[in-house]
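Have a look at the structure below, then the notes.
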Amino acid sequence: MIPRTLFDADLEGFRDSVRKFFEQEAAPYHSQWEKDGHVSRELWSKAGELGFLCPTMPEEYGGVGADFRYSAVVMEEISRLGLSGIGFPLHSDIVGPYILHYGNEEQKQHYLPKLISGEMVGAIAMTEPGAGSDLQGVKTTAIKKDDHYLLNGSKTFITNGQLCDLVVVVAKTDPSEGAKGTSLFLVEANAEGFEKGQNLEKVGMKAQDTSELFFQDVKLPLNSLLGGREGNGFFQLMQELPQERLLVALTAMSACEAAFDWTVTYVKERKAFGKPIAAFQNTRFKLAELKADITAGRVFTDRCLELHLQKKLDVPTAAMLKQWTTDLQCKVMDECVQLHGGYGYMWEYPIARAWADSRVQRIYAGTNEIMKEIVARSI
Ligand SMILES: Cc1cc2nc3c(=O)[nH]c(=O)nc-3n(C[C@H](O)[C@H](O)[C@H](O)COP(=O)(O)OP(=O)(O)OC[C@H]3O[C@@H](n4cnc5c(N)ncnc54)[C@H](O)[C@@H]3O)c2cc1C
């Protein structure tokens, strides 16, 4: 094994408490949450009390001011335990940073403490029925009137869509422009004219609430515009994408490692033709190949994490990482299901859930085809 070098004793101690928390407070309830279509609201408050939400937020807003490795630990443990319903990474490491990096002081003072405590659940709404990869085609508008903006449009596939209290909404402040006419708004879920649509039924991640959102003449105070300047939305989105893609890679690698471990245990126990499945050369070679792939993925991901901590992770490298690790995740899950035989296809087995959960990793946070476009442009 190549040892991980970025996580010291303090971080491993933090990892132990995070793991215990999820083992006690989430794992026993996750199957029920899959039926409910969302995790419990209580989980958010409990995690907030323990400092597991938004760990990187500064102390002045009620956070603990930790570095991104602490966030990485939280998302790795969620992924390792297969708790795909828990939308903390998006809340803590995507929504929180938008407000911290681009919000004005009033916006930060108002929202960050609530995101850190779990009083508010955050979401980000970019995708629309007619615009996913091509975000310049967003049709939602936020048009300035005298003392407010008027928000109209609809979004789809929004993570934390049922539980959210605060949504970062991508809207056009100048519909005649593409990127230059795009702005981000902080929209509270109780605003008049804001409706949450149905909780969408998905192939995997069944305890994750993913929803449509509708805005009809929602009156937004002028101070809802993130950062106070119109037309900055695309720039803000581009700046935050490397962290979002690193986040996906970190969850991909932890999921791969967990699936590998379950599979090794399984093939040692399961017998066919009078011997453990693990004794067949095919099994041994498959496991050897997967082990090499997972080791390569882990080293690549940790190196990108290290670059990110040094603020040096560039857009093409993050895109390469997201594409490569999530393709690997799908390959690993598929091979591990195969080694489980029919049991691998049964929902009660974690490998079946992990296989179903993995598929979307190649689609969201920018599809893997878009990742290749970004990399190709940089060559
Ligand atoms: C479970 C889930 C959770 C999600 N969470 C969120 C969320 O919280 N917030 C949010 O805003 N969105 C979210 N999304 C949406 C997600 O980001 C989009 O689905 C994704 O960006 C792709 O957009 P699309 O679905 O419109 O596909 P399309 O853009 O229509 O793409 C369809 C296909 O065409 C390919 N394609 C498109 N353009 C090109 C090109 N230029 N070159 C080559 N191939 C191309 C794509 O790669 C894809 O294979 C989520 C989606 C899912 C499924």
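Miscellaneous remarks
- Enumeration of residues in the range 292-347 that are among the aromatic types (Phe, Trp, Tyr) and surrounded by fewer than 19 Cβ atoms within 10 Å (Cβ to Cβ): Phe300, Tyr343, Tyr345, Trp347
- Criterion violated by Tyr364 - all others in (1) buried (at least 20 other Cβ atoms within 10 Å of the Cβ); (2) within 16 Å of the ligand (Cβ to nearest atom) satisfied: (1)
- Subset of the range 136-147 [buried (at least 16 other Cβ atoms within 10 Å of the Cβ), in a strand (DSSP E or B) and touching a residue at least 40 places away in the same chain (Cβ under 8 Å)]: Ala142
- Failed item in (1) more than 16 Å from the ligand (Cβ to nearest atom); (2) of a type in the set (Asp, Glu); (3) buried (at least 23 other Cβ atoms within 10 Å of the Cβ), with Asp174 passing the rest: (3)
- Pairs where the first residue, in the range 116-129, is touching a residue at least 12 places away in the same chain (Cβ under 8 Å) and more than 8 Å from the ligand (Cβ to nearest atom) and the second is open to solvent by less than 10 Å² (accessible area, probe 1.4 Å) and of a type in the set (Ser, Thr, Tyr), C-beta under 6 Å, 6+ apart: none
- Within the range 195-210, residues that are more than 21 Å from Ser79 (Cβ to Cβ) reach partners that are among the small types (Gly, Ala, Ser) and not in a loop (DSSP other than H, G, I, E, B) with beta carbons closer than 9 Å, at six or more positions or on different chains, in the pairs Lys196/Ser211; Gly197/Ser154; Gly197/Ser211; Gln198/Ser211; Asn199/Ser211; Leu200/Ser211.
- Residue list for the range 177-202, restricted to those being in a loop (DSSP other than H, G, I, E, B) and either within 15 Å of the ligand (Cβ to nearest atom) or buried (at least 24 other Cβ atoms within 10 Å of the Cβ) (or both): Gly178, Ala189, Leu200, Glu201, Lys202
- Counting only helices (runs of 4 or more DSSP H) that sit wholly inside the range 1-74, those with at least 3 residues that are without any contact (Cβ under 8 Å) to a residue 40 or more places away in the chain and open to solvent by 80 Å² or more (accessible area, probe 1.4 Å) are 9-25.
The values are calculated or read from the model by the stated rules, or taken from the named source; none is laboratory data. These numbers were taken from a predicted model, which means no experiment stands behind them. Backbone-built Cβ (ideal geometry, glycine too); neighbour counts: all protein chains shown. Heavy atoms of the whole protein, side chains included, go into the accessibility calculation; ligands, DNA and RNA do not. Shrake-Rupley method; radii C 1.70, N 1.55, O 1.52, S 1.80 Å.
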